[in-house]
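What follows is a set of notes on a single structure, which appears directly below.
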Amino acid sequence: MSDRSPARLFAAVSPVALLVIGGAVVIAALLDVPWYLLLALALVLWAAAIALVSLRVMAKSDRPDNVDPFALRVPWRFYVRDAQKAQRDVADTITQTADGPIRDRLQTIHERLGDGVDEVWQISNLGQTLADNRKRIDLDDLKRRLADAENGGGNNSDRVSALSSQLESASRLDERLEATTARLDTLDAQLKDAATRAFELSTAGEIGAAESLISNVDHVVDELEALRLGLEETG
């Protein structure tokens, strides 16, 4: 079954689509439109309904719906959970804010936090994969084998070089993991701070402060994207 099949099935059984098509056909029948034109009209409307709902469903699928913190291990799940909570907190704030410029800007912040959730989810998956690769390297065993090879004389130069390279790889992975978690710690705190400031904005109503917060959230999301791209390049 293709990726578009679920959307088409949804459209095919949509009560709204049936209601619209049925209403249009009834009106056409009351106007004495020939049966073959009624059939053509029904088919056109049906195809349009399928296309419309399919586009809506696929548009929603552009952003992953399978973000599940508990599919990851610690600490990665905490980063995803915190990002989701920040977005939910802003959503709660929006429901308590009257219509107007501040609410509109809070909605923008909410959407950008959604982008942030996506980035954190991808980063955390990449980070966990990186951590898994690191766990496959047994440092104690490598060091022991390297010491044996070095004590074995010049005939073991190729083996010494290979084992040394593996140790260097492990060291680079450790550095990469440490840098990734340190950066995520900072960005995670900034996302939570954004949710807190969004609540303050809902009561203060300062447009300038709202614009500043949007800029800050944009910066955090851009930083998350850069972190993800860096992990993808080194992965």
- [ ] Show me 114-125, 73-84, 195-206 ranked by packing, highest mean number of other Cβ atoms within 10 Å first.
- [x] 114-125, 73-84, 195-206
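Give me Rg over Rh for segment 72-230, both radii from the alpha carbons and Rh done the Kirkwood way, two decimal places.
Value, to two decimals: 1.25.
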- [ ] Would you kindly state how much longer the chain becomes between Phe199 and Asp32 on full extension, computed as 0.36 nm times their sequence separation minus their alpha carbon distance, in nm to one decimal?
- [x] 54.3 nm
Open item on the list: For a Förster distance of 45 Å, can you work out the FRET efficiency between the beta-carbons of Glu225 and Asn156, rounded to the nearest 0.05?
Closed with: 0.50
Open item on the list: Can you tell me the length gained on complete extension of the stretch Asp99 to Asp148, counting 0.36 nm per residue apart and subtracting the Cα distance?
Closed with: 10.3 nm
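Read-outs throughout are calculated quantities, based only on the coordinates presented, and are distinct from any laboratory measurement. The model shown is predicted, which means the values in this text are computed figures rather than measured ones. Positions of Cβ are generated from backbone atoms using ideal geometry, with glycine treated the same way; all protein chains shown enter the neighbour counts.
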